[in-house]
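Student: Dropping the structure in here first, questions after.
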Amino acid sequence: MFKKDHIDRPVWVSPVASFVMVLSLFTGQALSQQPAFAALASLASLASQTPHKIISLSPSATEDLFAIGAGPQVIAVDQLSNYPATAPISHLDAFTPNVEAIAAYKPDLVILNSGATKAASIKSALQKLKIKVYFESAPTDMTGAYKEIAELGALTGRGTQSQKLIRSMQNSIKKVITSARKKTSISIYHELDDTLYSVTSETFIGKVYKDFNLLNVADAAAKADSYGYPQLTPEYLVQANPALIFLSDAQYGTSAASIAARPGWSTMKAVANNHVVALPEDIPSRWGPRLVDFYQFIAKSILGVN
Amino acid sequence: MFSKNRREGIGEIWNWQITATCALILFIVGALAISFGPIHLGIADIAKTLIGMDGLHGQERTVLLDLRLPRMILAALVGAALATSGAVYQTVFRNPLADPYLLGAAGGAGLGATIAITNSGGNIYGWLPIFSFLGATLAVATSFFISGRFFAEPNTLLLSGIAVGSFATAIQTYLQQRHSNALRPVYNWILGELTVANWSIVSWSSVYILSSIAVLISISKKLDGLLLSDEESFSLGIDPNRLRMIAVAAATLATATAVSASGLIGFVGIVVPHLVRGITHRVTNRSLLTISLVGAAFLVVADLGARSLLSPAELPIGVITAFVGAPFFLFVLRTRRITHS
């Protein structure tokens with residue numbers, strides 16, 4: 001606990017902390033239970049442990065940090081962390097992190113995504129520089145998303161706020177699902193790009209659809225990709241005839257009109273009934289507090305589709 | 001064999017029955033390819049629809065005429081283009097390892113495709129064909145320009161092609177690193193795919209591919225002269241440099257078109273020419289038509305695998321061409337060596 005592993009710790013902390021530790025060793029637990037000493041000890045541990053120069057290299061973690069009130073402790077976020085608007089966006093790249101560029105900010109905590117290029121060696125290089133690293137792996141379900149919020153809360157001294165956020169998210173999402181969940185399942189197709197890549201119910205986003213009792217046509221190809229992102233054949237999609245289509249490539253120009261022009265698609269239920277929904281740009285890929293917005297968006301989209 | 005050729009004259013350097021057999025094989029695999037898919041279509045109905053009689057209706061008709069048929073034809077065109085230009089490159093460079101992507105075409109097309117993909121996000125097929133076509137032709141043109149008058153030495157052109165290709169690949173890799181969302185589409189494109197085949201792609205690519213193949217077949221007799229030394233071919237009345245120029249230009253046009261329509265499908269350009277030459281024991285370029293037919297049939301079968309093996313998911317076609325092609329190629333190489341020794 002009091003090892004010299006934090007370079008930005010005030011100089012007085014170490015002697016004070018050592019003094020407290022040595023004292024408590026001699027006197028057993030008794031001394032530290034004295035109010036004055038306990039306060040001093042927790043102050044020492046707070047000063048040495050609570051990061052106040054955080055770099056977030058994950059747009060989802062950035063949203064989490066600001067939602068639990070740890071925003072003022074964040075000194076820089078990666079170039080894709082565009083939410084909230086007050087986040088200190090920088091030129092740091094989350095996908096190909098540069099250890100020196102990160103170290104130049106003199107951070108005391110770096111949030112690094114495990115999907116980054118050479119993430120493991122970046123992590124050990126940062127640790128060699130005595131910088132604490134929170135290794136974030138993309139969650140595969142809501143439980144994972146909540147776990148990340150709770151862990152970030154514990155790390156940043158915002159435990160209470162993070163628990164509060166989790167409870168409010170759980171309540172809102174439960175409410176949305178109860179009111180919008182389909183009694184009889186409808187079939188949906190989620191398009192990643194115009195080469196017909198899709199998501200199965202094994203993915204985070206697929207599980208959101210499942211919560212609403214939507215039948216994902218990509219599930220038939222679940223065995224094709226172990227991460228749940230198969231590329232569907234055009235003929236299968238025509239055969240599957242989904243009742244609702246979600247376009248996550250709408251921001252790149254794919255639209256109801258452009259998919260209707262594909263051979264065999266104009267007679268598809270979703271296209272014929274104009275149930276083609278353009279997904280918003282960032283929300284579906286941010287596993288943070290705005291997941292509530294995503295649930296509400298899906299609820300609105302499936303309204304009236306049978 | 002020698003005595004037979006002598007008896008029947010020079011016209012029998014190539015046995016045209018082999019060509020006819022290959023055309024028949026292409027017809028059969030083409031028929032197979034349009035008969036299989038997630039939606040069941042009756043063979044009789046397919047035949048009726050194709051000859052204009054009352055067969056399939058509605059959605060089934062669309063599936064046959066707008067999904068399966070253009071995809072099968074595009075596979076055949078691309079296969080023919082890659083196999084034929086591979087054979088021609090091998091002759092021109094007197095190098096059995098030459099393939100259609102050698103002169104920087106792959107690197108250039110890859111760069112063009114990556115530029116298109118990184119700037120278009122999920123709407124991948126908007127600019128991709130044009131950019132990869134331009135990338136491939138520009139890269140080959142640059143290789144020519146750099147090697148300049150040293151073109152008399154094919155190895156100089158070959159080396160400058162490799163340099164141009166690496167240069168383009170370096171920029172491509174840089175762009176990919178800067179746009180991580182483009183990684184998967186670019187990767188997929190590199191392995192080749194025919195998923196978005198439609199009649200407009202088929203129609204423009206058929207113009208370029210068929211005319212290039214026609215040019216190459218028309219000069220096939222002269223190309224045999226390049227199998228000799230430049231002095232010898234010159235004495236036969238062939239201008240080797242001019243001939244190489246025409247051959248490489250036509251082969252590049254075919255390759256660039258194939259690449260822009262379907263991505264970088266590997267191994268067809270090497271395996272098919274060697275397969276035909278290995279089985280028939282003939283190295284003449286009069287086999288070009290046969291090579292193009294076999295290339296077409298090979299890719300039609302490979303694409304049937306690409307859309308069936310993981311159905312209803314797709315498998316990149318390049319995986320199949322190399323997975324099936326490489327062992328078969330080794331087998332042919334081995335049996336051929338045994339018969340020679």
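Student: Once you've got the GNM for chain B with C-alpha springs shorter than 10 Å, pick whichever of B:Gly37, B:Gly79, B:Gly112 has the biggest mean-square fluctuation.
Tutor: Comparing B:Gly37, B:Gly79, B:Gly112 in the GNM, the peak value goes to B:Gly37.
Student: While we're looking at this one, here's another question. Where does the charge balance sit around A:Thr254 when Lys and Arg score +1, Asp and Glu -1, over other residues with C-beta under 9 Å from its C-beta?
Tutor: Around A:Thr254, the surrounding residues sum to -4.
Student: Express the relative contact order of chain B as a whole percentage, based on alpha carbon pairs under 8 Å and six or more residues apart in sequence.
Tutor: 28
Student: Provide B:Met72, A:Met142 in ascending order of the number of other Cβ atoms located within 10 Å of each residue's Cβ, fewest first.
Tutor: Fewest to most other Cβ atoms nearby, the residues stand as A:Met142, B:Met72.
Student: Along its three principal axes, how long is the stretch A:54-171 when you only count alpha carbons? Whole Å, largest extent first please.
Tutor: So the extents along the principal axes, rounded to whole Å, are 42, 27, 24.
Student: Given 10 °C and 1.306 mPa s, how large is the Stokes-Einstein diffusion coefficient of the stretch A:107-235 in µm²/s, with Rh as the Kirkwood radius over Cα pairs?
Tutor: Working: Rh = 17.3 Å.
The calculation lands on 92 µm²/s.
Student: Could you work out, for the stretch B:259-341, what percent of all Cα-Cα pairs fall into each 5 Å distance bin, beginning at 0 Å and stopping at the bin that holds the largest distance?
Tutor: 3, 14, 23, 22, 18, 11, 6, 3, 1, 0
Student: A:Lys182: net charge of surrounding residues, Cβ under 14 Å, Lys/Arg +1, Asp/Glu -1, itself excluded?
Tutor: So the surrounding residues net to +3.
Student: Ok, one more. Among A:Gly304, B:Ala141, A:Gly264, which residue has its Cα positioned farthest towards the positive end of the charge dipole of the protein assembly as shown, with +1 placed on the Cβ of Lys and Arg, -1 on the Cβ of Asp and Glu, and the dipole taken about the Cα centre?
Tutor: The listed residue farthest towards the positive side: A:Gly304.
Student: A further question follows. Arranged from highest to lowest average of other beta-carbon atoms within 10 Å per residue, in what order do the peptides A:227-239, A:257-269 appear?
Tutor: Ranked by mean Cβ neighbours within 10 Å, highest first: A:227-239, A:257-269.
Student: Right, another one. Under a Cβ-Cβ cut-off of 13 Å, what is the net charge of the residues other than B:Gly55 that fall near it, where Lys and Arg count +1 and Asp and Glu count -1?
Tutor: Every neighbour counted, the sum reads -1.
Student: Based only on Cα atoms, what Rg/Rh ratio does the protein assembly as shown have, Rh being taken as Kirkwood's radius?
Tutor: My calculation puts Rg/Rh at 1.10.
Student: Taking Rh as the Kirkwood radius computed over C-alpha pairs, what is the Stokes-Einstein D of the stretch A:187-239 at 10 °C in a medium of viscosity 1.306 mPa s, expressed in µm² per second? Write out the running numbers ahead of the final one.
Tutor: Working: Rh = 10.8 Å.
Answer, rounded: 147 µm²/s.
Student: Another question about this same structure. Tell me, what is the Rg over Rh of chain B, with Rh the Kirkwood radius over Cα pairs?
Tutor: Reported Rg/Rh (Cα atoms, Kirkwood Rh): 0.99.
Student: Compute the normalised compactness of the stretch A:182-302: alpha-carbon radius of gyration over 2.2 N^0.38 Å, N being the residue count. Write out the running numbers ahead of the final one.
Tutor: Details: Rg = 13.3 Å, N = 121, 2.2 N^0.38 = 13.6 Å.
Cα-based Rg divided by the globular estimate yields 0.98.
Student: Let me ask something else about it. Let me know the charge dipole size of the protein assembly as shown about its Cα centre in debye, to the nearest 20, where only the beta-carbon of Lys, Arg (+1) and Asp, Glu (-1) is charged.
Tutor: 800
Student: Determine the shape class of the stretch B:12-73: with a ≥ b ≥ c the square roots of the Cα gyration tensor eigenvalues, call it rounded for a/c under 1.5, and otherwise prolate if a/b is greater than b/c, oblate otherwise.
Tutor: Verdict is prolate for the stretch B:12-73.
Student: Over the stretch A:54-171, calculate the relative contact order: mean separation of alpha carbon pairs under 8 Å at least 6 apart, over the residue count, as a percent.
Tutor: That works out to 24 percent.
Student: Further, regarding this structure: Using 1/(1 + (r/R0)^6) with R0 = 60 angstrom and r between the beta carbons of B:Trp204 and A:Arg167, what's the FRET efficiency to the nearest 0.05? Present the calculation step by step, with values, prior to reporting the outcome.
Tutor: Values: r = 59 Å, r/R0 = 0.98.
The formula returns an efficiency of 0.50 here.
Student: I would also like to ask the following. Put a dot 7 Å past each Cα toward the Cβ at B:Val324 and A:Lys128; how far apart are the dots in nm?
Tutor: 4.9
The numbers here are math on the coordinates, done by the rules we state, and not lab data. Every value quoted in this text rests on a predicted model; they were computed, and no experiment measured them. As a convention, Cβ positions derive from the backbone with ideal geometry for all residues, glycine included, and neighbour counts pool all protein chains shown.
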